[in-house]
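Here's the structure we're looking at; comments come further down.
The values are calculated or read from the model by the stated rules, or taken from the named source; none is laboratory data. Since the model is a prediction, treat every value here as computed from it, not as a measurement. Counting neighbours? That spans all protein chains shown, and the Cβs are built from the backbone with ideal geometry, glycine included.
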Amino acid sequence: MNLEGNPLQVYGSPVAEQGRRRSNDRLMKLLTRLLEGIVQLGVIVIAGLLRLILLTLKQIVRPR
């Protein structure tokens with residue numbers, strides 16, 4: 001069997017490697033964005049909880 005013909009069918013060909021690399025890059029970008037979103041959500045939740053705790057402590061220390 002010769003290695004001429006469709007370069008995508010040849011394992012390890014530059015074209016196939018490039019395609020694999022491109023899909024890996026896409027996946028990494030997607031995962032990075034997902035992780036950034038999760039981190040932002042976590043920061044917002046933690047900030048909200050801290051605010052709630054501080055308001056509760058204020059109520060305890062100085063009741064109206």
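Can you find a residue in region 31-53 that is within 32 Å of the chain's Cα centre (by Cα), among the polar types (S, T, N, Q), at pLDDT 95 or above and in a helix (DSSP H, G or I)? Spell out how you get there, then give the answer.
Within region 31-53, the subset within 32 Å of the chain's Cα centre (by Cα) is 31-53.
Remaining after also requiring among the polar types (S, T, N, Q): 32, 40.
Subsequent filtering for residues that are at pLDDT 95 or above retains 32, 40.
This time we only want the ones that are in a helix (DSSP H, G or I), so: 32, 40.
Within region 31-53, one or more residues are within 32 Å of the chain's Cα centre (by Cα), among the polar types (S, T, N, Q), at pLDDT 95 or above and in a helix (DSSP H, G or I).
Tell me, which residue of region 1-27 that is among the aliphatic types (A, V, I, L, M) and surrounded by 10 or more Cβ atoms within 10 Å (Cβ to Cβ) is modelled with the highest pLDDT? Even if it seems obvious, please write down each step before you answer.
Residues of region 1-27 among the aliphatic types (A, V, I, L, M): 1, 3, 8, 10, 15-16, 27.
Restricting the remaining residues to those that are surrounded by 10 or more Cβ atoms within 10 Å (Cβ to Cβ) gives 8, 10, 15-16, 27.
Values: Leu8: 54, Val10: 54, Val15: 75, Ala16: 74, Leu27: 92.
Ranking the qualifying residues of region 1-27, first place goes to Leu27.
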